[in-house]
Amino acid sequence: MMKGASLREWETQAAGPATILLVEDEEAVRSMAKMFLERNGYSVIEAESGSDAVAIWEKKRHQIDLLVTDLIMPGEFTGQKLARRLQCDGPDLKVIFSSGYDCEDFAESESDYLDLESNFLQKPYRLSSLSQMIRELLETENVA
């Protein structure tokens, strides 16, 4: 995912205080992203599956500003199903999707629901790309 991250990428500024629910089944990817996000001023709550994320959401939904989720995960929830489930309770929840697969593979099946092109990071992604997308989504929320 974040192979060859430069020191400069670790110095990105957060858009402001925010809590991110990070859902990723690959422990190494999740740990690296969590470390990067926390180092950049975000609070991070991690989950290794969609069902874990739902349980966390039910307890802490009012603290969570953004969901970063893998599209393909083991279990009953894909990233898209997870986002839909959480947005039923919190329609303003911002979402970033990631996958090792091309977003076109997903857009065909559920293009009416998600604009994957604007909220999608292809793995392996650069930490700076993740940070930039988070800032853009959170700044959009703050302007509204």
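Some observations on this one:
- Residue in the range 60-82 that is acidic (Asp, Glu), over 19 Å from residue 136 (Cβ atoms) and open to solvent by less than 50 Å² (accessible area, probe 1.4 Å) present: yes
- Looking only at the range 21-59, and only at residues there that are among the basic types (Lys, Arg) and farther than 18 Å from residue 89 by Cα, the one that is least open to solvent (accessible area, probe 1.4 Å): 30
- Across the range 83-104, the qualifying residues are those that are of a type in the set (Asp, Glu) and closer than 17 Å to residue 19 by Cβ, and the one among them that is surrounded by the fewest Cβ atoms within 10 Å (Cβ to Cβ) is 92.
- Among the residues of the range 18-33, just one is among the polar types (S, T, N, Q) and in contact with a helix residue (DSSP H, G or I) (Cβ under 7 Å, 6 or more places away or on another chain), namely 19.
The values are calculated or read from the model by the stated rules, or taken from the named source; none is laboratory data. Note that the structure is predicted; figures quoted are calculated from it, not measured. Positions of Cβ are backbone-derived with ideal geometry, glycine not excepted, and every protein chain shown enters the neighbour counts. Please note that ligands, DNA and RNA were not included when accessible areas were found on the heavy atoms of the full protein model with its side chains. Shrake-Rupley method; radii C 1.70, N 1.55, O 1.52, S 1.80 Å.
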